[in-house]
Structures are given as C-alpha cells and as structure tokens.
There are 2 protein chains.
Amino acid sequence: MINANSHLPYAVGVDFGGTSIKPALVQCAQIIKRGVPFDPQNHTAAETLLKMEASIRELCVDLPGLVPVGIGLPGFVDSLHGIVHGLSNVVGWDEVPVSKILSERLKVPVILENDANAMAYGEWLYGAAANTQHAICVTLGTGVGGALILDGKLFRGAQLAAGELGHTSIDFNGVSGPYGNLGCLEMYVGNHHISARALAAYAAAGVAAPTPECTPLDLCVAAHAGCKVALDLWAIIGNELGAAFANIVWILNPDVIVLGGGVAKAGDLLFPHIERSIKSRTSSVINAKLRIVPATLGNDAGAIGCAALALAAGS
Amino acid sequence: MINANSHLPYAVGVDFGGTSIKPALVQCAQIIKRGVPFDPQNHTAAETLLKMEASIRELCVDLPGLVPVGIGLPGFVDSLHGIVHGLSNVVGWDEVPVSKILSERLKVPVILENDANAMAYGEWLYGAAANTQHAICVTLGTGVGGALILDGKLFRGAQLAAGELGHTSIDFNGVSGPYGNLGCLEMYVGNHHISARALAAYAAAGVAAPTPECTPLDLCVAAHAGCKVALDLWAIIGNELGAAFANIVWILNPDVIVLGGGVAKAGDLLFPHIERSIKSRTSSVINAKLRIVPATLGNDAGAIGCAALALAAGS
C-alpha cells in the first residue's frame, strides 16, 4: 500500500539488529510498508547483502523506481565512507564496504549509520526531540548507549565514536567497567546490574523477590504494587542516572535528554528521580528549560532515522 | 609599529579581565600593538565603554580606518546578540548591549564572547589545538573553566553555557560544589583546594610544608626538588583530572584536550598522570590518537581569539 502523500520523498530504512534485520519503506515519520525480517546469524555478509538487496527491491516494487537506502547497524561503522568495521554480535562483517556494494547494485545512494545515531536522528527529526537544536538520546538497556545531536546535526567525534554515555563514570574510585573505567554508569544501571542489585536489596530486606530474575519489568510491576524495596531501587537508579546526565548537561547544555530502551519504560517510577537529581546538581541557567522525556518512536526510530539520513545525504 | 604583512586583515581583541582590560591590535596570531591596560573596578559600564572606545581608536591610528572588534568577558555573555547579562567580578554590567553601543560609535562590527570561548578559539586557530576538528580547552586555575570546539566551530549549547567542565562530578556522593553538584571537579583541583589538600598532606606526613600558602607553584618547586608529598599530590590530581577528562572523551571523542591556566604549568609533574588516567579509563579506539597538550598562546589567547572571532563574524 503506497501512501497518498506521494509528493513526499520515500526512502528505505533498514534496522540491522543482531538477530533480525528489518527493512521498511519510510515516508517522513511513517513506515509505509514492512519487509519480512531475516536473521544475519549463520550467514556470510555476502549472503545477507543479497537478501537485503532483494528485500529493498521488493519494498519499492510499487514505486516508479528504487529510492535511497539508509542502514543502521549495531557496531563500529564508518558512516562517512560507508564501511562496516565490525558488528557487535554478528561475525563476518569486518571491513565490509556495504555502501559501495549495495549502491553499485541498486544504483541509489546507500548510507550507513551506527544504530544509536540512527535512532537519535529519528527521534530528533520526528519524535521526542523534534524542534530542538541540542538533543542527547540515551538507550537504557543491557548496555547504556547514547547519541548526540548538536547544533542541529548528528555529532560523531574524531573516530566517529562519540556519545558513549554508558561508559562515563559517576565514581572515579568505583567498580571497573568493560573498558577499565572505574564507576562506569553501565555497571550501575545496565539491565543485568539492576537485576543483581534488586536481588541483593530484597535479600538484605528479608523480603522475597518478585521473580527469580528480578528484571527491570518485574521491578516496575512490584513498585506499582507498592513494594518499598522496588520503589527505593528506582529512586537510587534515578539518582545515579541524574548524576551522569548532570555531567552531560554541564558539558553540553542541551535542550532535551531523550530516554529510550527497556529501563526507560519505568516511566513515572524513574523520571521524577532523574529530574530531581539533575536539578540538584546543576545551575538554574542550564536546567530551567531542560526537558527529560521518553522516546516516542519506539522500535521504529532506527528505520525512520536511517531513511531520513539517506534522504538528507542526497540533498 | 604596523606589521609588514599588510595584506592580512587586522582586528582589535579586547581581553576584559576582572581587574584589567587589555586591548590589542591583532593580525592573525600576532599582537601588533598593545593598548594601555585599564581597570574596570570602581567605574560605571558607561565610563569603561568610553575608555574602551578611546583605546580602540588609538590602536587603529596608523591604519587607514577602524577595524572589527572582539571582546572576551568573564561572565554570562550573549554572543549572538552582543549583550552582557552580567560579569563574574565586576558590578554594573547587567544587561548591557555592548555590541550595539560600541558598533554604533565606531561604525565597525563589535562582537562579544565568553572569555573561555575566546581563549579556546585562539588556541584552536593558532595555538595548541590548530588543525583539529574537535578540541576541548580547559583552564585550570582558581576555577576550572572549559570551552568546546566541535566540528570546527565553537559549541555554546542551548543557553550558551556549555563547556563548564569544572562543575562536572567525578564522585556522585562526593563533597558539594558551588551549584550543589556532589563531587564536582573544582572541589578537587581548583587552586585553593589543591593548597588545602597539600597542607593537609604535609601535616599528615609530619613534613613541613614548603610555604604557609602551599600554592600550586610552591608544590611544583617542592616536587622538582624531590619532595615525595608534592610528587604524590600531583599524581593524585592527575588521576582526578584524568577521570573527569575520560568522561568528556567518552561523550565527545575529541582530537585534543588543551590545558591552560596556572595549574597546567605543573607540566611534566602532572601531564603524564593525566594521560595515564585517561588511557586506563577509555577504549583504544578513542584514546589512541587523543592528545593532551599545554596551551601555547598564554595570556594572549583571549585577545587573539576575540580578534579572530570578530573577523570571522564579518566574513
């Protein structure tokens, strides 16, 4: 089904996940048509690129021709040259010139972007960070990822590695994170760390944990039912996230911080604590107009952001 | 004396300090002629602006006409509209439209900038951060100031208040700083805090302090003479600065961090510890090419930066 707004440009956005690649035909903030997802695991990059090509062609079958393509990938991506240096959880993608390969076959521009940046761009253009100049987008999940929109553009840094908020430290003498950083945020508020802390807190309180796993979702259910252990833990996590965000606020003075990912679904159990923590740690000049808001595009942010980046690159 | 490179444009850069205003005629990275410094204390803004006007005219007396003017001020400055909202240590400068007043009188463009930004711009264009895209400039003195050059431009943030690195925290449960931020960097490495810590360290070690004040300079002399207390303190301070800078590195992935101000004069007593601390807390992707370097323009960075900003604004 092709949308009636045929004067608005189309692009294909490909959300390349570790176990599922989801291509979609996109028009502005809307997914017009979804391709059949496929799994990159146990396939060579060449095989996956063939599947991707076929899926992109299929998505455009009702259009006069093929349209620009943007691909968001979880890993180390050279978005300037369209090369995948390596993916986080998929083998066989070292130094693959994806843009060159696909654009030669499809005869349309094909751009690559880190998935966190793609999501941030989507949220900035059409979601929770719309109409701002300076947005910090954070994904709270197993890891804590981030991306920066500064002066109305994606900011990537010298090695295209900016925005790694999860690896910043809130305690320079704290426990060591994956790259040796003591007190790195992810060690406090990553999914698994939240669960471990919750189990310890329930044990210390002599209260039975809601589930053996104590996932962030379980902790939301428990907190909504009035469980003090869970409520206190969300307050603690909010304070810690606020401490990390306060550093970003002092450094970048953003308009908005957008929070997505599973942990952000804690919503009112978490956001007021984050806001209070940031406010108590920053000056009124920089916190008075600052907004802390949930992401609004959900799982479609990546595809929508990639498609928009593909169109922006061509303009 | 007017320089022989008369084809290069001139501008006046005014370094507006709390007790001394220093105007200078600037050509690229060179101060061609220095005006007589004057003190803004115990004068109204109107009086000081008249003096500034006379000094600017005097600096240009050998030129065919007046040239663009840039003024760097210590306080809250709206560089977009040329308004001083207020100065840190000089009363009577609330909401003064300095650019409008002076440009109407002089008939040349007059731009304002926060002094930290002006210095950073100077170091980026002609000093320690030359030929980089992403530079973090830090002044280590009584306070810890900072400014950001991102994607080859000064980055100011939503309320033009970005770059306040001294107020970022390295310990979210640490001692409270001026804006309530627990563990804020300035409380560890600001001049006076270094002195207080040094006196405590000497007392704890049962060693006589080199001077009753134990200034950073005194601590440099003591360390160079082999004093273990002083050497250890520089190592501790380097570790703490490195922790704060590692956060900036994870967030912004810069090419270079430029360190100026009195404490940076500790040089080899301090820089290797900072480098080691950053390296131990970040990934090789982002630290391999990162440089930590001393500022090179010294006290002239502000005037040179302002003059360059004045020319850039007119182009």
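The values are calculated or read from the model by the stated rules, or taken from the named source; none is laboratory data. Everything numeric here is computed off the predicted structure, so don't read it as measured data. We place every Cβ from the backbone using ideal geometry, glycine too, and count neighbours over all the protein chains shown. With ligands, DNA and RNA removed, areas are computed over all heavy atoms of the protein, side chains included. Shrake-Rupley method; radii C 1.70, N 1.55, O 1.52, S 1.80 Å.
Using only the C-alpha atoms, the convex hull of segment A:271-315 corresponds to 112 Å³ per residue.
Suppose every K and R has +1 on its Cβ and every D and E has -1 on its Cβ; what is the size of the dipole of the protein assembly as shown about the Cα centre, in Debye to the nearest 20? Working shown, then result.
On the way: 36 positive and 50 negative charges, 77 e Å.
Charge dipole of the protein assembly as shown: 360 debye, to the nearest 20.
Before we go on, tell me the buried accessible area for the A/B pair, both chains summed, 1.4 Å probe, in Å² to the nearest 100. Roughly 3800 Å². Relative to the longest principal axis of the Cα atoms of chain B, the long axis of helix B:191-205 makes an angle of roughly 20 degrees.
Here chain B yields Rg over Rh of 1.00, to two decimals, using C-alpha coordinates and the Kirkwood radius. Computed over chain A, the per-residue total of -39500 (n - 2.57) for DSSP H runs of n ≥ 4 gives a 222 nm mean residue ellipticity of -11500 deg cm²/dmol, rounded to 500.
For segment B:132-295, the share of accessible area belonging to carbon and sulfur comes to 58 percent (1.4 Å probe, ligands and nucleic acids excluded).
Go through A:Lys100/B:Lys289; A:Lys265/A:Lys289; A:Lys22/A:Lys265; A:Lys51/A:Lys100; B:Lys153/B:Lys265 and tell me which ones have a Cα-Cα distance over 18 Å in this structure. Spell out each step's value before the answer.
On the way: A:Lys100/B:Lys289 27 Å; A:Lys265/A:Lys289 23 Å; A:Lys22/A:Lys265 23 Å; A:Lys51/A:Lys100 16 Å; B:Lys153/B:Lys265 27 Å.
Pairs exceeding 18 Å: A:Lys100/B:Lys289; A:Lys265/A:Lys289; A:Lys22/A:Lys265; B:Lys153/B:Lys265.
Length gain on complete extension for the stretch B:Ala196 to B:Ala225, per 0.36 nm per residue less the alpha carbon to alpha carbon distance? Could the numbers behind the result be given before it?
Numbers: separation 29, 0.36 × 29 = 10.44 nm, distance 2.05 nm.
That pair, B:Ala196 and B:Ala225, stretches by 8.4 nm at full extension.
Once the cut-off is 17 Å, how many percent of the Cα-Cα pairs in segment B:70-152 end up in the long-distance tail? Present the calculation step by step, with values, prior to reporting the outcome.
Details: 1776 of 3403 pairs.
That tail contains 52 percent of the Cα-Cα pairs.
Inverting the mean 1/r over all pairs of different Cα atoms, compute the Kirkwood radius of segment A:245-308 and quote it in Å. Display every interim value, and only then the final one.
Working: mean 1/r = 0.0775 Å⁻¹.
It works out to 12.9 Å.
Here segment A:1-133 is assigned +1 on the Cβ of each Lys and Arg and -1 on the Cβ of each Asp and Glu. Its dipole about the Cα centre then comes out at about 380 debye.
For segment A:165-185, accessible area lost to neighbouring protein chains reaches 40 Å² or more, against the chain alone with a 1.4 Å probe, at A:Thr168, A:Ile170, A:Phe172, A:Tyr179, A:Asn181. Amide H to amide H distances under 5 Å link A:Leu112 with A:Ile71, A:Gly82, where only residues 5 or more positions off or on other chains count and H is placed in the peptide plane.
Remark: segment A:119-131, residue by residue, has Karplus-estimated 3J(HN,Hα) of 4, 4, 5, x, 5, 6, 7, 10, x, 5, 9, 4, 6 Hz, where x stands for each Gly or Pro and the curve is 6.51 cos²θ - 1.76 cosθ + 1.60 at θ = phi - 60°.
Helix A:45-59 and the longest principal axis of the Cα set of chain A meet at an angle near 70°.
Hydrodynamic estimate: the Kirkwood radius of segment A:41-86 over Cα pairs, inserted into Stokes-Einstein at 37 °C and 0.692 mPa s, corresponds to D of 266 µm²/s.
Please list B:276-282, B:14-20 highest first by mean number of surrounding beta-carbon atoms within 10 Å per residue.
Values: B:276-282: 21.6, B:14-20: 19.6.
Highest to lowest by the protection proxy: B:276-282, B:14-20.
Antiparallel beta bridges, as assigned by DSSP with both residues in the protein assembly as shown, represent about 60 percent of the total such bridges.
Rounded to a whole number, what is D in µm²/s for the protein assembly as shown from Stokes-Einstein with the Kirkwood radius over alpha-carbon pairs (4 °C, 1.567 mPa s)? Numbers along the way, then the final one.
On the way: Rh = 26.5 Å.
Rounded, D is 49 µm²/s.
A convex hull fitted to the Cα coordinates of segment A:199-244 yields 75 cubic angstrom per residue.
Take B:Lys265, push a point 7 Å out from Cα through the beta-carbon direction, and compare it with the same point in every other copy: 5.8 nm, smallest first. Size descriptors for segment B:1-111: radius of gyration and Dmax over Cα atoms are 13.6, 41 Å. For A:Leu199, the point set 7 Å out from Cα toward Cβ sits 5.1 nm from its twins in the other copies, listed from shortest up.
Here B:Lys107 is the anchor, and the aspartates and glutamates within straight C-alpha reach of less than 12 Å, apart from those fewer than 8 places off in the same chain, are B:Glu53. The percentage of C-alpha pairs in segment A:69-222 whose separation is greater than 20 Å is 61%.
Quick one: if you take sqrt(5λ) for each eigenvalue of the C-alpha gyration tensor of segment A:65-116, what semi-axes come out, biggest first, whole angstrom? Could you put the intermediate results ahead of the total?
Values: eigenvalues 76, 24, 15 Å².
Those come to 19, 11, 9 Å.
Note on segment A:132-295: Kirkwood hydrodynamic radius from all Cα pairs is 16.2 Å, rounded to one decimal.
I'd like to check one number: the per residue accessible area of the protein assembly as shown, probe 1.4 Å, reported in Å² as a whole number. Working shown, then result.
On the way: 25370 Å² over 630 residues.
Heavy-atom SASA per residue in the protein assembly as shown reads 40 Å².
Averaging the inverse of every distinct alpha carbon separation and then flipping it gives the Kirkwood radius. What is it for segment B:141-206, in angstrom units? Spell out each step's value before the answer.
Values: mean 1/r = 0.0749 Å⁻¹.
Every distinct Cα pair counted, the radius reaches 13.4 Å.
Both the radius of gyration and Dmax for segment A:115-174 are 12.2, 40 Å, in that order, over alpha-carbon atoms.
May I ask for the longest run of chain A untouched by GluC sites (Glu not before Pro) that are loop-located per DSSP and have at most 16 neighbouring C-beta atoms (other than their own) within 10 Å?
Numbers: sites that count: A:Glu95, A:Glu213.
Answer - A:96-212.
Between A:Ala312 and A:Asp62, the FRET efficiency estimated from the beta carbon spacing at R0 = 22 angstrom works out to 0.40.
When you filter the trypsin sites (Lys or Arg not before Pro) in segment B:106-164 for DSSP loop state and at most 12 other Cβ atoms inside 10 Å of their Cβ, you are left with B:Lys107.
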